1. Hey, what's the Kirkwood Rh for region 34-75 if you take every pair of different alpha carbons, in angstrom?
2. With +1 on each Lys and Arg Cβ and -1 on each Asp and Glu Cβ, how big is the dipole of the chain about its Cα centre, in debye rounded to the nearest 20?
3. For region 1-95, what is the Kirkwood hydrodynamic radius in Å, using each pair of distinct C-alpha atoms?
4. List the lysines whose Cα lies under 29 Å from the Cα of LYS332, skipping any in the same chain that are fewer than 8 positions away.
5. Taking only the alpha carbons of region 161-234, what extent do you get along each of the three principal axes, in Å, biggest first?
6. Percentage of Cα-Cα pair distances in region 82-209 greater than 26 Å, rounded to whole percent?
7. State the Kirkwood hydrodynamic radius of region 203-317 in Å, one decimal place, computed from all pairs of distinct Cα atoms.
8. Over the Cα atoms of the chain, how large are the radius of gyration and the largest Cα-Cα distance (Dmax), in Å?
Amino acid sequence: MDGIRVNRVALYPSHDRSAIRRILNYISFAVSTLLIGPWIIHRPDIVYVYNLVTLGPTAFLFRVIFGSKVILDVQDLWPESVTSSKMLKNKLVVRLLKCISNWIYRHADHLIVLSPGFKRTLEDRKIPSEKIDVLYNWCDESRLTREAPEEMLAQHIGLANRFNVLFAGTIGILQGLDTVLNAAMRCLTMLPTVQFVFIGGGVDVPRLEQRAKTMRLKNVRFLARRPPESMGKIFALADVLLVHLMDHPLFRITIPSKTQAYLFMGKPIIMAVSGDAADLVRMAEAGIICEPGNPHKLVEAVNELYHMTQAQRTAIGKAGQDFYNKYLSFEKGVEYFERICLKTSQL
């Protein structure tokens, strides 16, 4: 891949809601890397582990064999990421998983986290602050394009002559999108030209579509999931981009990946997530912060942006785009990542 050899190993494939099958997915990959890895790789200076604590034993084996340094990139906190999905409820297993996770976090040479909240949480687990760096994620800039609105496309997909509030991405239980439907109900008479648009896939799509029909929400539209390469045309037709998650302690220290994509696209954002994600939009001056799970507050945020001039909304979007380019871009992220690797290799 791009001139770099990729070694693939066997695993049990599963991405459904079964806790047993998901555990088999993680464990089978970890066992394969542990047994096969030492025989197929050359001596690395850095072993970079992306997210999965189950790969900790493999990384530490490489450190013993090759003298490599281990960097663990924490994209999901364990065991919180597992328990928040409700797939794993056994308290004894959760406690054991937390002990294992903490042991792996402590024994990595360096940790990269995606938000300040992740860093605070790991510090509370007695992991030294100097071992942790915050590196914000970037979006896939190669697949997203900023484009001019196309009137024919807007007519074709039902977005013409409306003030479109767009939610793009995973449509699941954790997104808490009943709040958006409740807000849409209030907007029917209060803001009749406002339309809420959902585009993406997920386990909650059929239920939300049925509920929207039951509520007779003519101002809600569901669009099928599209490849990232074609999303630039859809974003161009949006007036506002919406991020919404259920109000959960874990989400207050998480930054949904769509945040970076929204900032990159240069559109005003309604951030209905508490904590670090809201702080990022606030720093960028890229939109309005809204209490998650509260349809009244969501309507207020939509109303405020709706009554701005187009020039004001454009300026807000531009501020977010400039912030992304200056602090969150792929180029800036790679520069910082290289510094972290060099620093770690010299420990």
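Values quoted throughout were computed directly from the atomic coordinates according to the rules given, and no laboratory measurement underlies them. The model shown is predicted, which means the values in this text are computed figures rather than measured ones. A quick note on method: Cβ atoms are made from the backbone with ideal geometry, for glycine too, and the neighbour counts reach across all protein chains shown.
1. 10.3
2. For the chain, the charge dipole is close to 1020 debye.
3. Radius from the Kirkwood sum: 14.7 Å.
4. Partners found: LYS69, LYS119, LYS131, LYS233, LYS258, LYS267, LYS318, LYS343.
5. Dimensions of region 161-234 along the principal axes of its Cα atoms: 35, 28, 17 Å.
6. Looking at region 82-209, the distances longer than 26 Å represent 52 percent of pairs.
7. With all distinct Cα pairs of region 203-317 included, I get 15.3 Å.
8. Here Rg and the maximum Cα pair distance are 21.9, 68 Å.
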